[in-house]
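Enquirer: Let me begin by handing over the structure; questions about it come next.
The values are calculated or read from the model by the stated rules, or taken from the named source; none is laboratory data. As the structure is a prediction and not an experimental result, all values here were calculated from the model. Note: ideal-geometry Cβ built from the backbone for every residue, glycine included; neighbour counts use all protein chains shown. Please note that ligands, DNA and RNA were not included when accessible areas were found on the heavy atoms of the full protein model with its side chains. Shrake-Rupley method; radii C 1.70, N 1.55, O 1.52, S 1.80 Å.
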Amino acid sequence: MYNYYACVTELAKYIGRHLAVGLDLADNFFDPFFQNQLAHVKLAHYYRPEGEREEDTNIGVSPHTDWGAITILLQDSVGGLEVFDQSRDEWIQVMPIPDAFVVNLGDLLARWTNDR
């Protein structure tokens, strides 16, 4: 598990460098933010068991925004992750691609960049 954590932490730094360039900042702008950062690995089941209504079960992950800077989700074949499209005011299912990563930019990154 530690090897996975270390690799995903490096991936987050790599993504941060590309985000900085996309924001017309120095490529190492976010590097200090990834030193001694608060990061965690957790197992999240986004799906709701087939046939279950939301009011009948508390299994799954409730709608939320990611509070950190970058969230990296390793997908499997089960799926269940949805993202909210604000322009259409609807939830969109993320098609699961086994062993692919989904990258979410969180509230903290929005704060650091003034929502750029």
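Enquirer: Which residues, counting only those in the range 9-33, are farther than 19 Å from Arg116 by Cβ and either without any contact (Cβ under 8 Å) to a residue 40 or more places away in the chain or surrounded by 16 or more Cβ atoms within 10 Å (Cβ to Cβ) (or both)? Spell out the reasoning first.
Expert: First, pick out the residues of the range 9-33 that are farther than 19 Å from Arg116 by Cβ: 9-11, 13-14.
Of everything in the range 9-33, those that are farther than 19 Å from Arg116 by Cβ and either without any contact (Cβ under 8 Å) to a residue 40 or more places away in the chain or surrounded by 16 or more Cβ atoms within 10 Å (Cβ to Cβ) (or both) turn out to be Thr9, Glu10, Lys13, Tyr14.
Enquirer: Across the range 63-116, what is the total count of residues that are aliphatic (A, V, I, L, M), part of a strand (DSSP E or B) and closer than 18 Å to Arg17 by Cβ?
Expert: Within the range 63-116, the first condition is being aliphatic (A, V, I, L, M), and the residues that meet it are 69-70, 72-74, 78, 81, 83, 92, 94-95, 97, 100, 102-103, 105, 108-110.
Next cut, part of a strand (DSSP E or B) only: 70, 72-74, 83, 92, 102-103, 105.
Next cut, closer than 18 Å to Arg17 by Cβ only: 70, 72, 103, 105.
So the answer is 4.
Enquirer: Can you name the number of the only condition in (1) open to solvent by less than 80 Å² (accessible area, probe 1.4 Å); (2) within 28 Å of Phe33 (Cβ to Cβ) that Pro98 fails?
Expert: Against the list (1) open to solvent by less than 80 Å² (accessible area, probe 1.4 Å); (2) within 28 Å of Phe33 (Cβ to Cβ), Pro98 comes up short only on (2).
Enquirer: Now for a separate question. Among the residues of the range 17-27, is there at least one that is in contact with a strand residue (DSSP E or B) (Cβ under 9 Å, 6 or more places away or on another chain) and modelled with pLDDT of 70 or more?
Expert: Within the range 17-27, the subset in contact with a strand residue (DSSP E or B) (Cβ under 9 Å, 6 or more places away or on another chain) is 19.
Restricting the remaining residues to those that are modelled with pLDDT of 70 or more gives 19.
Yes, there is a match, as at least one residue in the range 17-27 is in contact with a strand residue (DSSP E or B) (Cβ under 9 Å, 6 or more places away or on another chain) and modelled with pLDDT of 70 or more.
Enquirer: List, please: which pairs have Cβ atoms under 7 Å, are six or more places apart or on different chains, and start with a residue in the range 96-113 that is closer than 10 Å to Leu73 by Cβ and end with one that is open to solvent by 40 Å² or more (accessible area, probe 1.4 Å)?
Expert: Listed pairs, sorted by first residue: Phe101/Leu74.
Matching residues to (1) open to solvent by 50 Å² or more (accessible area, probe 1.4 Å); (2) under 12 Å from the mean Cα position of the chain (by Cα); (3) among the aromatic types (Phe, Trp, Tyr); (4) modelled with pLDDT under 70:
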position	(1), (2), (3), (4)
Ile59	yes, no, no, yes
Leu73	no, yes, no, no
Gly80	no, no, no, no
Ser87	yes, no, no, no
